[in-house]
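Data block below; observations after.
The values are calculated or read from the model by the stated rules, or taken from the named source; none is laboratory data. None of these values were measured; they are calculated from a predicted model. Glycine also receives a Cβ, built like all others from the backbone with ideal geometry; neighbour counts cover every protein chain displayed.
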């Protein structure tokens, strides 16, 4: 089976201090049909370790990218690599963290490291 594109959805959600997930929603959708609703449902059902944050803490916003893709291979009778075969689902955390922000600043020269 041949798959010409890599499909991805971005799901944003809040992790509350008690470890529950709130307001999970699709932020970017790339024609994945019913997969989008299933991804939001999966994220909404997650439970995290309680953070022990002080009262009134609003939680942490997180962003995950779900990517559906096939491996790249060269079909018989061709020399052109194509996405084909069994589809796999990959999840990548795109949440910006302080460490990531500091690393980007130090490599781009946008600010001094403290």
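A few points about this structure:
- Some residue of region 14-35 being at pLDDT 95 or above, on the phi > 0 side of the Ramachandran plot and part of a strand (DSSP E or B): yes
- Some residue of region 64-84 being outside any strand (DSSP E or B), touching a helix residue (DSSP H, G or I) at 6+ places or on another chain (Cβ under 7 Å) and modelled with pLDDT under 85: no
- Residue in region 43-60 that is closer than 29 Å to residue 5 by Cα and either free of Cβ contacts under 8 Å to residues at least 24 places away in the same chain or assigned to a strand (DSSP E or B) (or both) present: no
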